[in-house]
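Input: a single structure, listed below in structure tokens.
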Amino acid sequence: GDGDGDGDGDGEGGSGADADSGGEGGSGDGGDGAAASDGVRGADGGAVVGDREAAASPAMGGGGATAAASLAAAAQQADADRQEAAAATAAAVAAADAEADPYTRSCATRRVVSVVFRPAAEALPAEADARCQRRRHLLAAMTAYLHSQVAAGASADPVLGEMLLRLLAAEGSHAQLQLLLTQRILPDSVPLALFLFQLAPAFAPAADFGLDVLKRLGAPAQEALVAELLQQQDVLAACRVIRNLRLLAFPPRPVLAAAAECGSEVFTAVYSFFLLRNASCRGSASFAPEEACD
């Protein structure tokens with residue numbers, strides 16, 4: 001028994017003495033070789049296990065980083081899948097609308113806007129955060145719906161288009177807003193031009209897009225927009241429209257009256273504007289008697 005223990009101990013741990021000391025608890029007085037060798041495994045095995053744990057800890061840390069990266073990639077993929085599903089659903093709805101007659105299509109579009117998109121927009125968080133997933137999904141669905149309407153031969157819904165532009169402007173996504181305006185997805189209208197002029201303080205190119213819309217709409221829409229700007233006391237924007245679109249026949253009296261309500265500084269600027277207009281068009285800075293501005 002001792003001989004076998006010594007031999008096994010030497011083979012496993014390196015010395016018979018170590019085997020005897022490790023095997024005392026397992027074999028009373030003399031025990032057998034198996035008990036001694038088990039003792040060697042117990043004595044040396046503790047150190048071996050400790051070394052393995054120390055060596056494995058960096059690997060476990062690397063595995064944790066890999067798992068975190070995998071989870072992040074899976075979350076991004078799920079986000080992309082949801083946006084794609086929302087876009088596909090919007091495209092399918094728009095295609096179904098395009099196959100209907102104009103009246104049914106208009107009613108269906110209003111129903112989609114009032115039942116689906118408007119409640120979803122109102123349920124968004126108050127803070128306009130472009131990183132909000134719910135907001136991104138809604139914007140993707142709105143954009144896909146408008147594009148699908150145009151691709152199917154229908155005109156994009158102006159109410160939904162204005163809603164989309166307001167959401168993009170609120171979160172500061174000016175690049176996407178400019179892309180939509182450049183592609184001319186939205187139909188030209190006086191409310192669209194008015195919104196663009198109102199957006200100009202935060203996004204300067206919006207005023208140029210508003211002027212382009214007015215040029216395509218023609219003189220009646222241009223004069224209607226000037227009247228709307230005056231009603232909202234945005235007198236300087238109204239003068240900008242008059243100057244850029246050469247609305248030389250627009251009566252100056254309502255503009256001066258609106259400027260007088262905005263303070264002396266604004267009134268002086270608007271009065272000087274019309275004096276320059278008179279000098280350029282008539283060769284004299286004086287107002288015509290029928291304009292009743294003197």
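Structure notes:
- The loop-placed trypsin sites (Lys or Arg not before Pro) in segment 239-294, going by DSSP, that have at most 13 neighbouring Cβ atoms within 10 Å of their Cβ come out as Arg246.
- Per residue accessible area of segment 127-279, 1.4 Å probe, in Å²: 48 Å²
- Where GluC sites (Glu not before Pro) fall in DSSP loop in segment 236-294, at most 12 other Cβ within 10 Å: Glu261
- Label separation (Val159 vs Leu275): 4.9 nm, computed from points 7 Å beyond Cα along the C-beta direction.
- Accessible area of segment 111-229 belonging to carbon and sulfur atoms, whole % at 1.4 Å probe: 55 percent
- If the chain linking Thr268 and Ala67 were pulled fully straight, counting 0.36 nm for each residue of separation and taking away their Cα-Cα distance, it would gain 65.6 nm.
- Volume in Å³ per residue [convex hull over Cα atoms, computed for segment 170-257]: 88 Å³
The values are calculated or read from the model by the stated rules, or taken from the named source; none is laboratory data. Just so it is clear, the model here is predicted, and its values are computed rather than measured. Virtual Cβ from ideal backbone geometry, glycine too; neighbours counted across all protein chains shown. With ligands, DNA and RNA removed, areas are computed over all heavy atoms of the protein, side chains included. Shrake-Rupley method; radii C 1.70, N 1.55, O 1.52, S 1.80 Å.
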